[in-house]
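Data first, discussion second: the structure below is written as C-alpha cells.
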Amino acid sequence: MDQRVEAGEVVHKALKYAIDIIHPGMPILELCQKIEEYILAQGARPAFPVNIGVNEVAAHYTAVRGDKSAIPNSAVVKVDVGAHKGGHIVDAAVTVSLGTNAYDGVIKAAYNALRAAYESLRQGVKAWQIGEVIESKIKSAGYRPIYNLTGHRIEPFNLHAGDVIPNYGDKSASQTLKAGDVYAIEPFATNGRGYVVERNQITIYKLIRIKYKKRQDYIDRIYKEVNYLPFTPRWFPDIPDDFFVEARAAGALHGYEVLVEEAGGVVAQFEDTFVVEEDGARPLSRTLDLY
C-alpha cells in the first residue's frame, strides 16, 4: 500500500473519531489535540493543524495556546483534518450538526455537492467544469457556494500546489485534469452571501523561507518538524508568540487569516482528496462513506 493510500486511511479514521467524540461544551483545544494525537498514534503526521469552524467560521481556525472556547450547545461545526506519510498528504473535512436540525439542508447541500463532484471527476475534465457541478448542486438546494474558497492540487509536502478546483464555474480554472493528479475538492455551502472575509486573527502559519537571522534556531526547529507544511504556535510551546508576529512581518512566515462568512451565514463543508484516473477518481479518505 503506498503512503498516500495509508494517509487516506488515517484521515478516514481520524474523521470518524472526531465525529464520535465531538459534543456540546467540549473545549476546542481538547478536540484539536485529541484528533492530532490520534493521527500520530496511527503512524502518520498531521499535514496541518486540525481546523474547527463553528457556524460562520469557514476556514483556518485552530485552537490557540490556552484556548478557552468550547463547542456551543447548538452549532454547525466543520472539522478539517490532514495527515501525511513521507510528505504524501490527504486533506478532508466533514460537517457535524449539534443540538439543532435547523441547518440540515445546507449540510446536505455541501455533502451532495462533493458526491456530484466525485461522480464528475475523470481525466480530460476541466477544473471549472467540476466547479460548475458543485455550484449547480448547491444552488438547486437553495443555498450558495463560497465563491472565494477553492479546492486545490496537492503535491508532496505542498498542500496548495497552484492549480485550484473552484466552487463555481470559474473558467479561469482552465486546467485539464490528468490521470495521476491529486486534488482536494471541498464544496462549501452557506445560507449567507457566499463570500468569506478575514477576521483579523491568525492561528496557523507556514514557512516561506528558511533563513531568518534574528532567530534562525526557531526557524530550523520549525522546518525540521513540519517542513513547509502549515503549523500552529501551540505545537512549539517554548517559542514565544512575539516570534511568530515578527517573523511574519519580516516575510519568513505566512499567516493564514481566519475566514468567516461575510454576512454571518452558517457554512457547511465536505472534502476529500482524490487521485484522478482515466475513467473516474479514487477518494483517498472516503469522506462520503462516513455519512
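Bear in mind that the values in this text are calculations on the coordinates, not laboratory data. Because the structure is predicted, anything quoted here is derived from the model rather than measured. Cβ atoms come from the backbone with ideal geometry, glycine included; neighbour counts cover every protein chain shown.
For the pair Ala263 and Lys211, label points projected 7 Å from Cα toward Cβ lie 4.9 nm apart. Secondary structure note: in the chain, about 100% of the DSSP beta bridges are antiparallel.
Taking a 28 Å limit on the Cα-Cα distance, which of the listed pairs Lys78/Lys211; Lys139/Lys171; Lys34/Lys206 fall beyond it?
Working: Lys78/Lys211 35 Å; Lys139/Lys171 18 Å; Lys34/Lys206 22 Å.
In this structure, Lys78/Lys211 exceed 28 Å between Cα atoms.
By the beta-carbon count within 10 Å of each Cβ, the least crowded to most crowded order of Lys85, Lys214, Lys224, fewest first, is Lys224, Lys214, Lys85. With one equal scatterer per alpha carbon and no solvent term, the Debye-computed log10 I(q)/I(0) for segment 89-157 at 0.18, 0.19, 0.23, 0.26 1/Å reads -0.78, -0.86, -1.13, -1.29.
Relative to the current alpha-carbon distance between Ala41 and Lys126, full extension at 0.36 nm per residue lengthens the span by 26.8 nm.
For the pair Asp238 and Tyr223, label points projected 7 Å from Cα toward Cβ lie 2.0 nm apart. In this calculation the C-beta distance from Gln3 to Asn158 is compared with R0 = 22 Å, giving a FRET efficiency of 0.90. The simple spin-label model puts a point 7 Å past each Cα toward its Cβ; for Asn73 and Ala249 those points are separated by 4.3 nm.
To the nearest 20 debye, what is the magnitude of the charge dipole of segment 83-148 about its Cα centre, counting +1 on the Cβ of each Lys and Arg and -1 on the Cβ of each Asp and Glu?
Working: 8 positive and 5 negative charges, 20 e Å.
Approximately 100 debye in magnitude.
Charge dipole (Cα centre; +1 on Lys/Arg Cβ, -1 on Asp/Glu Cβ; no other charges) of segment 201-256 amounts to roughly 240 debye.
For the chain, complete DSSP H runs whose alpha carbons reach 18 Å or more along their own long axis and whose mean Kyte-Doolittle score is 0.5 or higher are 28-41. Around Gly151, under 10 Å between beta carbons, what's the net of Lys plus Arg minus Asp minus Glu among the other residues? Residues near Gly151 contribute -4 overall.
Compared with the alpha-carbon gap, the fully stretched path from Gln175 to Ala102 is longer by 22.5 nm at 0.36 nm per residue.
Other residues lying with their Cβ under 10 Å from the Cβ of Glu278 contribute a combined charge of 0, Lys and Arg counting +1, Asp and Glu -1. Result for the chain in a Gaussian network model with C-alpha springs under 10 Å: among Gln129, Gln216, Gln33, the largest mean-square fluctuation is at Gln216. Summing charges over all other residues whose Cβ lies under 14 Å from the Cβ of Gln123, with Lys and Arg as +1 and Asp and Glu as -1, gives 0. Principal axis analysis of the Cα atoms in segment 140-190 yields extents of 37, 21, 17 Å, listed in decreasing size. Phi angles of segment 147-156 translate, via the Karplus equation with coefficients 6.51, -1.76, 1.60 and θ = phi - 60°, into HN-Hα couplings of 6, 10, 10, 9, x, 7, 6, 10, 10, x Hz per residue; Gly and Pro are given as x. About its Cα centre, the chain has a charge dipole of approximately 380 debye under the convention of +1 per Lys or Arg Cβ and -1 per Asp or Glu Cβ, with nothing else charged.
Go through Ser140, Ala247, Pro230 and say which Cα lies farthest out towards the positive end of the charge dipole of the chain; charges sit on Cβ, +1 for Lys and Arg, -1 for Asp and Glu. Positive-end residue among those listed: Ala247.
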